Amino acid sequence: MDSVFLGLVALCYLLLWWLGGNLSGVVFGTRGFFFLLSGTTLSILLLLLVQLWSISKMSNFMGINNSVNNDEFYTWLAFNFFTIEINFETSVFSLLMAFMILIVFYAVLVFSYSYMSADPFIINFFSYLCAFVGSMLLLVGAGNFIIFFIGWEGVGLSSFLLISFWTTRLQATKSGLKALLVNRIGDFFLLLGILFTYKLTRSFDFQVVFITAEYLRSSIIPIWGVSYVDVICICFLIAAMSKSAQAGLHIWLPDAMEGPTPVSAMIHAATMVTAGLYLLLRCSFLIVLSTFTMQLIFFIGVVTVLITSILGIWQYDIKKIIAFSTCSQLGYMMAAIGNSYFSLSFFHLLTHAFFKALLFLAAGGVIHAMQGEQDLRRLAGGLSTFGKETLPGFLQSAFFIGTLSLVGMTFFSGYYSKEALLFSLTSSANTPVGLFGCFVLISSVFFTSYYSFRLFFLLFFAPVRSTTTYYQKNSTLRLDNSLILSLSILMVLSLISGFALKSTVISSTLLSNVLYPSSTSVLDLEFLCWPVKLLPLLLIFFGFYLALHQEQLAIWQQNWKKISYFAQSKYYYDNLVNKFTKWWLRRFFYVYKTLDKGLLEWFGPAGLEFILRPLSRSVDYTLFDKRIETSYLGFTFGIILLLGVLTTDSFLAEAALLFPFFSSLH
């Protein structure tokens with residue numbers, strides 16, 4: 001494996017970003033730039049498959065360890081005791097991650113070619129997607145924290161550009177700013193953790209930091225009395241919470257749905273939300289040394305699953321329902337990391353990317369057909385009897401496969417990863433917190449099943465309402481070849497990826513650690529007692545049954561309006577954050593007005609101006625006839641001052657180095 005392979009791929013996509021923003025409209029055009037991107041992506045995917053195939057032939061994908069190939073690429077900065085190197089590393093872990101990112105990117109790219117064809121700025125859209133993927137690959141292939149942080153910041157910038165891509169929509173611009181500001185919290189804490197790490201290890205390199213992990217645990221901060229590794233891991237956890245939209249910092253993710261639907265697929269499946277989890281997985285050698293951080297990760301994951309899975313029940317926006325399911329699934333992965341099941345979390349991360357991208361793109365097809373409408377209350381029944389000639393069940397099949405994978409139905413990709421994750425978490429039910437977490441995670445299977453099947457039934461099987469007749473009369477659903485190709489790729493991966501990667505990830509030691517086992521044996525999962533294996537399936541069918549009778553539940557929701565409104569308003573959390581932010585902004589404005597524009601101004605330029613203005617005015621009136629610029633005395637005074645400066649020894653010594661004429665004067 002070439003260590004700089006992923007780095008070169010990332011730089012290639014960043015170059016395509018520059019090319020798309022500067023030359024593609026003139027040289028290539030929309031179609032030419034699309035074929036350039038698709039051809040490049042297919043070539044890189046082929047190279048990735050060749051590398052993974054060669055690794056599988058050597059080890060038969062059994063007992064694969066996370067051997068890292070790390071080489072220095074270029075020395076960026078070099079001082080006496082401070083060196084920043086541009087180095088990349090390649091492992092099976094990073095190759096699988098890069099393969100997932102690129103296959104989802106290719107499907108989104110093909111889908112966008114048709115979905116965004118009417119947009120006049122489609123080339124800019126493609127270039128922003130290249131920046132998104134390039135930054136994410138730079139993050140994945142980074143060999144040190146500095147390159148990782150550059151990719152981290154690039155992902156945040158690209159998400160802002162894509163969420164607010166439709167700049168004429170005020171809500172899209174506000175959502176992009178909200179995502180950017182919330183992620184700045186994570187950026188600050190990630191940088192703080194990196195600085196703490198460098199303070200002790202004097203290195204930004206991943207391998208050096210991991211080797212000295214025991215030293216970090218034994219080092220105590222004198223003022224706080226805690227270990228450095230605890231502080232570093234908590235900083236990394238807060239950074240991951242903001243990027244992966246965990247409880248407390250999840251408010252930006254539902255609002256990110258204001259961007260184009262292909263952007264939602266990229267953010268929720270392959271790039272933005274996976275960056276935070278990748279940080280924890282990449283730094284697993286540090287995370288396992290902090291017991292408090294591991295417990296906190298598990299608790300945050302459980303709380304995220306609980307609050308977001310309930311919120312999905314009361315939503316009516318198609319994309320926001322899928323968005324809250326993303327938060328819920330990310331909570332599962334966080335809980336698995338908190339129990340040191342890193343390989344299982346990574347396994348679910350891979351399979352989740354495929355079926356979540358499929359759901360978003362299928363939802364995009366529905367929205368595109370219904371003239372941009374996303375509200376289920378207006379669309380209910382709109383596709384039940386609409387367009388059977390132009391809708392030969394393909395879009396419905398794509399939605400159905402994505403839904404079954406999301407709920408974890410048997411033999412779909414979500415079943416293999418989610419089943420392994422849930423069953424492994426039953427081992428943590430030996431404490432009150434572990435028992436509560438296990439109960440929440442298993443119970444949330446019911447919520448996921450209910451709102452997923454509710455969305456599916458309302459779109460494709462609900463009776464036609466009067467509000468949907470407008471869309472039926474004025475809409476035609478056409479699936480061209482690009483939409484069919486992108487959805488077909490994701491449908492196949494949603495069906496086979498779980499089974500294909502099962503032995504690869506679960507039985508391997510991709511993210512193993514000496515202290516804690518990070519993976520669970522396949523045999524341990526296969527021979528669990530049947531009530532434990534049957535309970536999630538029973539909850540899935542129970543959610544399916546209630547989704548069939550959702551009219552009765554709608555009547556119950558109307559009778560309990562306060563509870564419904566409390567859930568629809570997202571527990572008033574956004575209002576609380578707004579009030580908290582407004583309170584602090586007012587306090588900061590008061591400090592700014594009294595300190596910056598008050599005290600410092602009067603002891604600085606404003607005070608000096610107030611004191612010197614009468615003196616300078618009297619000098620003007622007395623010596624320079626009211627205007628220093630036009631008086632002969634002022635001109636003469638300026639010439640004398642200039643000659644005095646030019647004839648000083650320091651000036652002549654400096655000028656003699658540049659002009660030989662001044663050397664004679666000196």
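Listed here are the helices (runs of 4 or more DSSP H) enclosed by the stretch 155-262 that have at least 2 residues being under 14 Å from the mean Cα position of the chain (by Cα) and not charged (D, E, K, R): 170-201, 228-243, 252-255.
Of all residues being loosely packed, with under 14 Cβ neighbours inside 10 Å and more than 27 Å from the chain's Cα centre (by Cα) in the stretch 4-40, which is nearest to ILE146 (Cα to Cα)? Just the residue, please. By that ranking, first place goes to LEU23.
Being surrounded by 15 or more Cβ atoms within 10 Å (Cβ to Cβ), closer than 22 Å to ALA362 by Cα and modelled with pLDDT of 75 or more is a property that PHE457 has. Within the stretch 311-319, not a single residue is at pLDDT 90 or above, farther than 16 Å from LEU404 by Cβ and either within 18 Å of the chain's Cα centre (by Cα) or hydrophobic (A, V, I, L, M, F, W, C) (or both). Might you let me know whether the stretch 212-230 holds any residue that is in the same structural domain as SER94 (by TED's automatic domain parsing), under 25 Å from HIS250 (Cβ atoms) and modelled with pLDDT of 90 or more? The answer is no; no qualifying residue exists.
Where helices (runs of 4 or more DSSP H) fall wholly inside the stretch 523-627, the ranges with 3 or more residues that are surrounded by fewer than 11 Cβ atoms within 10 Å (Cβ to Cβ) and modelled with pLDDT of 70 or more are 573-591, 605-623. Out of all the residues in the stretch 361-375, is one or more crowded, with 22+ Cβ neighbours inside 10 Å, over 20 Å from the mean Cα position of the chain (by Cα), in the same structural domain as TRP252 (by TED's automatic domain parsing) and not in a helix (DSSP H, G or I)? Yes, because at least one residue in the stretch 361-375 is crowded, with 22+ Cβ neighbours inside 10 Å, over 20 Å from the mean Cα position of the chain (by Cα), in the same structural domain as TRP252 (by TED's automatic domain parsing) and not in a helix (DSSP H, G or I). Based on what the data block shows, is LEU441 modelled with pLDDT of 85 or more, under 15 Å from ALA336 (Cβ atoms), crowded, with 18+ Cβ neighbours inside 10 Å and not small (Gly, Ala, Ser)? Against the criterion (modelled with pLDDT of 85 or more, under 15 Å from ALA336 (Cβ atoms), crowded, with 18+ Cβ neighbours inside 10 Å and not small (Gly, Ala, Ser)), LEU441 qualifies. Of all the numbered requirements in (1) closer than 30 Å to LEU487 by Cβ; (2) at pLDDT below 85, THR274 misses one, and that requirement is (2).
The set of residues in the stretch 109-134 that are buried (at least 24 other Cβ atoms within 10 Å of the Cβ), among the β-branched types (Val, Ile, Thr) and over 23 Å from LEU281 (Cβ atoms) contains only VAL110.
Looking only at the stretch 278-323, residues that are within 30 Å of VAL231 (Cα to Cα) and in contact with a Ser or Thr (Cβ under 8 Å, 6 or more places away or on another chain) come to 11 in all. Checking each residue in the stretch 182-211 for being in contact with a Ser or Thr (Cβ under 7 Å, 6 or more places away or on another chain) and crowded, with 17+ Cβ neighbours inside 10 Å picks out VAL182, ASN183, GLY186, THR201, VAL209.
Residue-wise test of (1) surrounded by fewer than 24 Cβ atoms within 10 Å (Cβ to Cβ); (2) in contact (Cβ under 8 Å) with a residue 12 or more places away in the chain; (3) of a type in the set (Val, Ile, Thr).
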residue	(1), (2), (3)
ILE307	yes, yes, yes
LEU311	no, yes, no
TYR316	yes, yes, no
LYS320	yes, yes, no
ALA323	no, yes, no
THR326	no, yes, yes
TYR332	no, yes, no
ALA335	no, yes, no
SER345	no, yes, no
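The values are calculated or read from the model by the stated rules, or taken from the named source; none is laboratory data. The structure displayed is predicted, hence computed values, not measured ones. Please note: Cβ atoms are built from the backbone with ideal geometry, for glycine as well, and neighbour counts cover all protein chains shown.
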